[in-house]
Amino acid sequence: MTFAETGQDALQPIADIDRAIHAPARLMILALLAAVDSTDFTLLLTQTGLTRGNLASHLSKLEEVGYITVTKEFVDRVPRTLYRLSEAGQTAVATYKANMQQVVALLSASQK
Amino acid sequence: MSQTVDFEQLKRKLYLSYHRDGILDLAVGLTILGFGISMAMDVGATIVFSWIGLFLYAPLKSAITIPRLGFVQFESESKRKTNLIYRLVLGLGTFALFFGLVIFLWADNLPPDFTTWLRQYHMLVLGALPAIALAVTAWRTGVYRLLVDALLIVVIILAGIQLQIAEPTYVMVAGGVLSLIGLGLLLSFMRRYPAQKEADNDLR
């Protein structure tokens with residue numbers, strides 16, 4: 001099967017890729033937040049290796065699209081700004097993963 | 001389509017990084033060392049030395065690990081409560097085991113052979129308490145380094161008994177070795193994760 005033979009429907013998984021997640025920096029952030037309950041800015045900084053400005057900008061974007069929530073909480077009497085994956089974010093990550101699996105399958109099929 | 005994505009491997013790696021700071025090893029080591037010093041001084045009030053390690057764990061985590069690596073809550077509120085109950089049960093179970101043995105020994109209710117063995121190896125039984133707690137924690141959390149700590153405690157105490165070294169000495173050696181392991185891990189962690197600027201957590 002060639003790439004052209006797959007038709008427009010078959011290419012849909014590629015068109016459906018969520019651009020808000022697809023950027024590597026944002027994908028790293030969401031993967032980290034999907035793995036834990038909540039984290040602060042420093043942990044995201046040390047684990048992703050992004051610069052402070054870059055990380056802050058990506059976090060703003062993710063908050064804007066509703067994929068993460070930002071709350072100020074007292075943990076052991078210390079005020080902390082905590083980042084969590086929202087329900088919309090969880091759904092978006094799951095959908096992204098399913099789409100990417102389809103894309104990989106499509107690209108593997110078109111190589112044959 | 002499933003709405004859950006498995007990030008267990010990532011979580012596990014992060015969890016191991018978070019506990020590679022050696023603070024737990026250091027706290028347990030200082031507790032045992034403090035207990036050994038208390039035994040050597042033979043003054044009841046000096047038992048407080050053995051609490052130092054326990055009270056140091058949380059402040060060290062807050063002062064060293066969190067500013068460098070960042071703060072993370074691995075589990076949801078309800079799971080954290082379950083884990084707290086597990087830790088309480090583990091702690092109480094360990095102490096119940098110890099005091100149960102003491103009471104049985106005191107009341108002379110144990111078989112004579114076992115009593116003789118216990119009188120010779122009572123320090124091994126005492127050392128087994130932190131060793132069991134460390135081994136169970138290693139099994140529950142996947143931080144298998146703690147199994148080495150547990151084994152070291154048992155081996156050092158057993159060697160001390162066999163070589164007929166004074167009890168406080170080998171207890172202090174066990175505590176000292178664990179403290180050194182913890183300190184080494186802590187220094188390596190501090191090199192790996194330099195201190196972050198204070199404003200990092202509050203950009204918003």
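None of the figures in this text is laboratory data; all of them are computed from the coordinates on show. All figures in this text were calculated on a predicted structure; none of them were measured in a lab. Every residue, glycine as well, gets a Cβ built from its backbone with ideal geometry; the counts of neighbours run over all protein chains shown.
Using the Cα atoms of chain B to build a convex hull, what is its mean projected area in square nanometres? Before the final figure, lay out each step's value.
Working: hull surface 64.0 nm².
Averaged projected hull area, Cα only: 16.0 nm².
Using all pairs of distinct alpha-carbon atoms, the Kirkwood hydrodynamic radius of chain A works out to 15.6 angstrom. Take every Cα pair under 8 Å whose residues are at least 6 apart in sequence, average their separation, divide by the length of the range B:1-63, and the relative contact order is 32 percent. When only the Cβ of Lys, Arg, Asp and Glu is charged (+1, +1, -1, -1), the dipole of the protein assembly as shown relative to its Cα centre reaches about 500 debye.
For chain A, what is the mean residue ellipticity at 222 nm derived from helices alone (per DSSP H run of n ≥ 4: -39500 (n - 2.57); sum divided by total residues; nearest 500 deg cm²/dmol)? Spell out each step's value before the answer.
Numbers: 6 runs with 71 residues, N = 112.
Calculated from helices alone, the mean residue ellipticity at 222 nm is -19500 deg cm²/dmol.
This model, with +1 at the C-beta of Lys and Arg and -1 at the C-beta of Asp and Glu, gives the range B:17-165 a dipole about its Cα centre of some 540 debye. Going from the fewest other Cβ atoms within 10 Å to the most, the residues B:E8, A:E63 appear in the order B:E8, A:E63.
In a solvent-free Debye calculation with one equal scatterer on each Cα, what is log10 I(q)/I(0) for the range B:77-130 at q = 0.19, 0.30 Å⁻¹, listed in the order of the q values? Taken in order of the listed q values, log10 I(q)/I(0) reads -0.69, -1.14.
Hand me the trypsin sites (Lys or Arg not before Pro) from the range A:1-92 located in a DSSP loop with no more than 16 other Cβ atoms within 10 Å, in residue order please. Before the final figure, lay out each step's value.
On the way: sites: A:R19, A:R26, A:R52, A:K61, A:K72, A:R77, A:R80, A:R84; in loops: A:R77.
Listed in order of number, the matching sites are A:R77.
Using alpha-carbon pairs under 8 Å, 6+ residues apart, how would you state the relative contact order of chain B in percent?
Numbers: 189 pairs, mean separation 78.4, N = 204.
That works out to 38 percent.
Would you be so kind as to identify which of B:A159, B:S62, B:P111 lies farthest towards the positive end of the dipole of chain B, taking Lys and Arg as +1 and Asp and Glu as -1 on Cβ and the Cα centre as origin? Among B:A159, B:S62, B:P111, the one farthest towards the positive end of the dipole of chain B is B:S62.
If packing is taken as the average number of other Cβ atoms within 10 Å across a peptide's residues, how do B:26-36, B:184-194, B:9-19 rank, most packed first?
Highest-to-lowest ranking by the protection proxy: B:26-36, B:9-19, B:184-194.
Annotation for A:D9 and B:D42: the two label points, set 7 Å from Cα along the Cα-Cβ direction, are 9.0 nm apart. Averaged over the residues of peptide B:163-169, the number of Cβ atoms from other protein chains lying within 10 Å of each residue's Cβ is 0.
Please tell me the relative contact order of chain A in percent, rounded to the nearest whole number, where contacts are Cα pairs under 8 Å and at least six residues apart. Please report the intermediate quantities before stating the final value.
On the way: 108 pairs, mean separation 39.3, N = 112.
Over chain A, the number comes to 35 percent.
In debye, nearest 20: dipole of the range B:55-116 around its Cα centre with unit charges on the Cβ of K, R (+) and D, E (-)? My answer is approximately 500 debye. With R₀ set to 30 Å, the beta-carbon distance separating B:E77 from A:N54 gives a calculated FRET efficiency near 0.45. The spacing between the range B:132-187 and the range A:43-67, judged by their C-alpha centroids, is 41 Å. With a simple spin-label model that places each label point 7 Å from the Cα along the Cα-to-Cβ direction, the separation between A:H22 and B:V102 comes to 6.7 nm.
The length gained by stretching the chain between B:W117 and B:L90 to full extension, at 0.36 nm per residue less their Cα-Cα distance, is 7.1 nm.
I need the per residue convex hull volume for the protein assembly as shown, using only the alpha carbons, in cubic angstrom as a whole number. Write down the numbers at each step before the final one.
Working: hull volume 62.7 nm³, N = 316.
Dividing the Cα hull volume of the protein assembly as shown by its residue count gives 198 Å³.
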